[in-house]
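Working notes for the structure below.
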Amino acid sequence: MSRIHLLAAGAFAVGTSGYIVTGVLPAVSRELDVSPAAAGQLVTAFAIAYAIASPVLAVLTGRWERRSLLIAALVLSAAGNAMAAVAPTYSWLLGARVISALGAAAFTPVATAVATVLAPPDHRGRAVATVFGGLTFALIVGVPLGNILGERIGYQGVFAVVALVSLLGAAAIQLGVPRVAAPPFAGLRERFAAARDRRVLLVLGMTVLGCLAAFSVFTYIAPILASVAHVQGFTISALLLVYGVGGAIGNTLGGRVADRWGSRTPLLVIFAVFIVVLATLPLTAVSAVSAGFVMFVWGLFTWSVNPPIQNWLIELAPRESSGLLLSVNASAIYLGVGLSGVFGGLVISNTSLLALPPIAALVALGALGLLLAQPLDAARPRHDEHLAEHAA
């Protein structure tokens, strides 16, 4: 296993920590005697804590050697999940989710930046995609596995397994990833100066709107598919798996096209197809077979967005600010995810269930508009030695 794949294994651990709640919601609701809506707030708590903590932790840990920081982040994530495994009350479990989110918020941006250091300069996009592949695999495996295990060993047992996986990830990084020095220290003003760059703000806006559009529909995809394609139970689970497979492939392709063509051109294509898929979903996913095709294409193009976006931010960032921008982008992702459930609920309440995908397509159209507002030369691929030194 390569060093970058070890970073992806760590991403799988923290990704599973984030996604697993969706799979164990029935068990949490049953065992703690809370409503499904209250159990769902565990997802919101994780997303909000991640969004707030990611840039703050990037500044506070700016002087840390990178491998040590990665290990500490995984240990913190493991501690949060261990607390969840012994949580006697809902409040305790909510606090444990916040601690887990802090570990994930510290790990993911740093792992992404370290991957770009360990990879050859002309493979940075693929390195980013490999790390995000760990998160994608967590989505594909974590949710259904959490659901299966939650019915057998309870939510406490599931969180104990996730804690163990996090510790194994920390041990693997200790043994297989070299030490990586922290970048030159920069104060808050210097660090956030890069985040105030108009080009950076446009990229971050694309992340928020893209995630909001994608996850507002994904949150309610089960009732949407039931209404349009008349499918239930196992068939919906199979369709979600098809979506995940498409996402895994899209994540890999996103890194490769970013290496070859930069970020702007691939994102133009990705957002265009993404918008068409959402806008036409109620008309195209009318059977199990056609829904399978739609879910695969949707997953493919949704998850191909991240590598070009991350690559773009690294291109735009001074060396001392690259880690901050990646952490702010991670916050933007979770901000979009956190708002998606509320946005989707408002749309459904005020219009209809099947109006959600076309309205989400309009949100994604806003992301495309931000992309078109970028200067034409804002994301050219640059593979010089200076860029290879990013390690924040």
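No lab work stands behind these numbers, since they all come straight from the coordinates. What you see is a predicted model, and the numbers here were worked out from it, not measured in a lab. Cβ coordinates were reconstructed from backbone atoms using ideal geometry, including for glycine residues, and neighbour counts include every protein chain displayed.
As a check on your grasp of the helix formula, calculate [θ] at 222 nm for the chain: sum -39500 (n - 2.57) over DSSP H runs of n ≥ 4, divide by the residue count, round to the nearest 500.
Details: 14 runs with 316 residues, N = 392.
That calculation yields -28000 deg cm²/dmol at 222 nm.
Sorting 348, 148 from the fewest to the most surrounding beta carbons within 10 angstrom yields 148, 348.
Arrange 230, 5 by Cβ neighbour counts within 10 Å, fewest through most, would you?
Values: 230 12, 5 15.
Ranked by crowding around the Cβ, least crowded first: 230, 5.
Pairwise Cα separations in the stretch 71-189 fall into 10 Å bins from 0 onward with the following percentages, short to long: 13, 37, 32, 15, 4, 0. Short-range pairs are left out: with C-alpha atoms under 8 Å and at least six residues apart, the relative contact order of the chain is 27 percent. Computed from label points 7 Å out along Cα-Cβ, the spacing between residue 31 and residue 272 is 4.9 nm.
The P(r) of the stretch 65-125 has a tail past 12 Å containing 67 percent of all C-alpha pairs.
Assigning unit charges at the beta carbon (Lys, Arg +1; Asp, Glu -1) and nothing else, what dipole magnitude in debye, to the nearest 20, does the chain show about its Cα centre? Before the final figure, lay out each step's value.
Working: 21 positive and 14 negative charges, 84 e Å.
Charge dipole, the chain, about its Cα centre: 400 debye, nearest 20.
Modelled spin-label separation between residue 222 and residue 352, with each label point placed 7 Å from Cα along the Cα-to-Cβ direction: 2.3 nm.
In the stretch 248-303, which trypsin sites (Lys or Arg not before Pro) are in a loop and have at most 16 other Cβ atoms within 10 Å, using DSSP for the loop call?
Values: sites: 256, 260, 264; in loops: none.
Qualifying residues, ordered by number: none.
Classification of the stretch 3-53 by its C-alpha gyration tensor yields an oblate form. The axis ratio a/c (a ≥ b ≥ c) is 1.5 or more, and b/c is at least a/b. Only alpha carbons enter this Debye calculation for the chain, each as an equal point scatterer, and the log10 of I(q)/I(0) it gives at q = 0.09 Å⁻¹ is -0.48. In plain terms, the chain from residue 59 to residue 283 could stretch by 75.9 nm, reckoned as 0.36 nm per residue minus the Cα-Cα distance.
Taking a span of 27 Å or more along the helix axis (Cα atoms) and a mean Kyte-Doolittle hydropathy of at least -0.5 as the rule, the DSSP H helices of the chain that qualify are 3-31, 36-60, 66-85, 90-118, 124-176, 198-219, 233-261, 264-284, 322-350.
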